[in-house]
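Beneath this line is the structure, given in structure tokens, with notes to follow.
Where a number appears in this text, it was derived from the coordinates with a stated rule and is not lab data. Quick caveat, the model's predicted, so the values are computed rather than measured. With ideal geometry, Cβ positions are generated from the backbone for all residues, glycine too; neighbour counts draw on all protein chains shown.
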Amino acid sequence: MERQKRALAVHDISCVGRCSLTVALPIISAAGVDTSILPTAVLSTHTGGFTGYTYRDLTEDILPIADHWQTLGLHFDAIYTGYLGSFQQVQLVMELFNRFKKADTLALVDPAMADNGVLYGGFAPEFPAEMKKLCAKADIIVPNITESVLMLGEEYKDGPYTQAYIEGLLGRLQEIGAQEIVLTGVHFDDKQLGAACLNKDGKISYAFQDRIAGYFHGSGDVFASALLGALLRDKSLEEAMAIAVDYTQRSVALTADAGQEARYGVCFERALPFLLERLG
Ligand code: PXL
């Protein structure tokens, strides 16, 4: 057997309402990858669609955890970050990259901070500029269209989009610094929804699935986690993106079928057999 890869997932724990670590850990583990976690905060629920949630900030624990890991000489094949609650947490993730990102470590940054043209609650308008600095240090970034325009200082436009607009956006995102871009929320009509990627050789690819009406909380985290799992299973960027689009769409379809409230997240667990089949 070949060596098992190890990923580090740096996200909050939202105890209820599947997103961030409660999505990343099961999906990346199911892909066969040893998944270490660094929880950045503990919330009773995520912040989208609930009121009165608790928020225990774990910023002060991040460097002591990193110090201990350094004594162990740990190696990570990937470092994956998502929702980060403050400017300071973005700075600390950059420090984690300085310490643990080696030549063969894939740094995947999902600048999870906005959707549908607006920043998530609690973020200052200056936050996207800070997140852009972290994206500059990543190998792959996975923004949606809102996050992309906020980081680029451009105006948000509702879809459907043109191919020229999407490809222009991909090019401008690559200029931020990450070599490869996977853009989510791409649609050229109202029937299909998917993603577009620009790889390090300048090649652009697309992956689509039939759109399921509605807004599904946590689907971006399901997508990015499946993408990383597939990449760590040695799929190409294009293949990993197509697998992640198909798996996310299945999870969303199962959520719609089950008639579940969207704020509790998508039924990604029920689609795991499909993901494993696609990973081979
Ligand atoms: O999935 C993004 C996310 C992660 N973590 C927290 C959130 C959100 C989105 O709202 O509130 C705490």
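Where nothing but the Cβ of Lys and Arg (+1) and of Asp and Glu (-1) is charged, how large is the charge dipole of the chain around its Cα centre, in debye to the nearest 20?
Values: 23 positive and 35 negative charges, 76 e Å.
Approximately 360 debye in magnitude.
Can you pick out the pairs among K101/K200; K101/K157; K137/K191; K132/K200; K157/K203 whose Cα atoms lie more than 29 Å from each other?
Numbers: K101/K200 19 Å; K101/K157 35 Å; K137/K191 35 Å; K132/K200 19 Å; K157/K203 25 Å.
Cα-Cα > 29 Å for K101/K157; K137/K191; rest within.
Mind telling me which of P111, P160, P39 comes out most flexible in a GNM of the chain, alpha-carbon contacts under 10 Å? Taking springs between Cα atoms under 10 Å, the residue moving most is P160. With N the number of residues in the range 1-90, Rg(Cα) / (2.2 N^0.38 Å) evaluates to 1.16.
The HN-Hα couplings worked out from phi for the range 87-94 by the Karplus form 6.51 cos²θ - 1.76 cosθ + 1.60 (θ = phi - 60°) are 4, 4, 5, 5, 4, 5, 5, 4 Hz, whole numbers, x standing for Gly and Pro.
Could you tell me the distance between the Cα centroids of the range 213-280 and the range 1-23, to the nearest Å? Between the Cα centres of the range 213-280 and the range 1-23 lies a distance of 14 Å.
Label sites at M1 and E269, each approximated as a point 7 angstrom past Cα along Cα to Cβ, lie 2.5 nm apart.
What residues from the range 117-152 fall in the zone where the backbone N is under 18 Å from a label point 7 Å along the Cα-to-C-beta line of F50? Output list for this probe position: 120-123. Shown in residue order for the range 98-110 are the 3J(HN,Hα) couplings computed by the Karplus curve 6.51 cos²θ - 1.76 cosθ + 1.60 at θ = phi - 60°: 4, 7, 10, 8, 9, 4, 9, 9, 8, 9, 10, 10, 9 Hz (x for Gly and Pro).
Between T162 and A124, the distance separating the two model label sites (each 7 Å from Cα on the Cα→Cβ line) works out to 3.8 nm.
All distinct Cα pairs of the range 6-211 go into the 1/r average, and the inverse of that average, the Kirkwood radius, is 17.7 Å.
Mean shadow of the range 158-270, computed from the convex hull of its alpha carbons, in nm²?
On the way: hull surface 29.0 nm².
If I average the Cα hull's projected area over directions, I get 7.3 nm².
Amide hydrogen proximity for Q192: with H placed 1.01 Å from N in the peptide plane, the residues at 5 or more positions away or on another chain lying under 5 Å are R211. If the chain linking L58 and S36 were pulled fully straight, counting 0.36 nm for each residue of separation and taking away their Cα-Cα distance, it would gain 6.3 nm.
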